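Remarks on the structure that follows.
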Amino acid sequence: MFQTVRLENGVTILTEAITHVRSVVLGIWVNVGSRDESTAVAGISHFIEHLMFKGTGRRTARDIAEALDAVGGQLNAFTTKEYTCYYARVLDEHFDLALDILQDMLFHSRFAAGDIDRERNVILEEIKMYEDAPDELVHDVFATTIWQGHELGRPVIGTAEVICRLSREEILDYYRRHYQPQNLVVAVAGNIDHDRVVEKLRPIFEPLRGERVTRKLVRPVPQRQITCRAKDTEQVHLCVGVPGLPLNHERIYVFQVVNTILGGGISSRLFQEIREQRGLVYSIYSYHSSYHDAGLFCIYAGLSKENVPAVMDLIFKEIRDIQQNGVKSEELHRAKEQIIGNLWLSLESVSTRMSRLAKSQLYLGKVVPPEEIVDRVKKVSVEDVRELAREMLNPESFAIATVGPWEDCSTLEAAVKKIA
């Protein structure tokens, strides 16, 4: 279903033909994100992503915005802690247009001084918008709490202080150092022919030259801390969690099953017990994020301040129950089927297929077939679940972060002391 070509300069091309659709999704992925930044330029990767849409030698910002709109297509980008992606979704007949626009943006953007200053203001507004969304902000506060002082603990968007003083020279230097051929993965999924796609891509990507960039991985040292960010909100937004597993870990699918059982949907233990049975929260869920050398498991809840001690107690009660009593076979089976069903349903999206190709290549150096993932999920046992919960979900390892109407952390600290 998918094919791979690696050019001599290090650019990797991945394609997946899906002949029953009319669309094509093209993504150019750069193996650089916020963890590659020093404190002095924190947020620069996201800043560069914005600037790619501000104009090239052949197109103005308006030209870029209108080009794919005019054919019903979509053009967008995003930056994460470990990679940046630029992508376009179009009808198959407009693949050449999408490719021309994306390559023009990535390799011929002007980085004009006026554009940089205007986009600086846009990002400052984005930071303010993010500060006004406590249910999103708390996840960054939590990452900063558990990975204090490490690049993975910093927000991708950066800080207003750094964004205000980044110079054009710093931006260009960072772009030239990291947007190198060895850092590029091009993924294409949809109604395409592999050979034709490679024929179109070669003249653009094969001539690229640059020095090899090696990411220096320094594993974060987790901190068991409590952070309370005071904010005038109606609810307390709470994150409780521990270090997780890197994406290539042999037990990654065991952790996915544990996460699904605890807080991975409306049938999960936390949702059913804390929301449905007791009505103490509106939103509660868990997630597991994985990186090259680290991972993060987090439980989120939005709740009233007076309910924090009870909800904390119930969260750890469910964790202890899995550690001591394990899970029932039917509960395990339901979690596996949920993961497998979500996987297959997600693959009905051409965009998801494109993303899966690229992320698998960036993290694992190969594309893992979905059938292999399904097989590994099916092999997870009741004992696997209990062992992982005992090893990794210990109360003494949990870090906690909140955003909400707190004068101090005394209420939260008292609740934690009681649980521990």
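The values are calculated or read from the model by the stated rules, or taken from the named source; none is laboratory data. Bear in mind that the values here come from a model prediction, so they are computed numbers and not experimental data. Methodologically, a virtual Cβ is constructed for each residue, glycine included, from the backbone with ideal geometry; neighbour enumeration extends over all protein chains shown. These area figures cover heavy atoms from the full protein model, side chains too; ligands, DNA and RNA do not enter into them. Shrake-Rupley method; radii C 1.70, N 1.55, O 1.52, S 1.80 Å.
Numbers below:
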quantity	calculated
Restricting segment 50-89 to residues that are surrounded by 19 or more Cβ atoms within 10 Å (Cβ to Cβ) and in contact with a Cys (Cβ under 9 Å, 6 or more places away or on another chain), the residue that is farthest from His292 (Cα to Cα)	Ala77
Of all residues making up segment 193-223, the number that are surrounded by fewer than 12 Cβ atoms within 10 Å (Cβ to Cβ) and either acidic (Asp, Glu) or over 30 Å from Ile146 (Cβ atoms) (or both)	8
Enumeration of residues in segment 39-60 that are on the phi < 0 side of the Ramachandran plot, touching a residue at least 40 places away in the same chain (Cβ under 8 Å) and over 25 Å from the mean Cα position of the chain (by Cα)	Thr56, Gly57, Arg58, Arg59
Filtered residue count, segment 108-131, keeping only those that are hydrophobic (A, V, I, L, M, F, W, C), open to solvent by less than 50 Å² (accessible area, probe 1.4 Å) and in a helix (DSSP H, G or I)	4
Scan of segment 344-367 for residues that are open to solvent by 30 Å² or more (accessible area, probe 1.4 Å) and either under 18 Å from His249 (Cα atoms) or among the aliphatic types (A, V, I, L, M) (or both), ordered by number	Leu345, Arg356, Lys359, Gln361, Tyr363, Leu364, Gly365, Lys366
Pro246 being in contact (Cβ under 8 Å) with a residue 12 or more places away in the chain, in a loop (DSSP other than H, G, I, E, B) and open to solvent by less than 60 Å² (accessible area, probe 1.4 Å)	yes
Helices (runs of 4 or more DSSP H) lying entirely in segment 132-192 (those with 3 or more residues that are surrounded by fewer than 17 Cβ atoms within 10 Å (Cβ to Cβ) and without any contact (Cβ under 8 Å) to a residue 60 or more places away in the chain)	160-165, 168-178
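Per-residue answers, yes or no, for (1) assigned to a strand (DSSP E or B); (2) open to solvent by 40 Å² or more (accessible area, probe 1.4 Å); (3) at pLDDT 95 or above; (4) of a type in the set (Phe, Trp, Tyr):
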| position | (1), (2), (3), (4) |
| --- | --- |
| Ile284 | yes, no, yes, no |
| Ala301 | yes, no, yes, no |
| Glu306 | no, yes, no, no |
| Leu314 | no, no, yes, no |
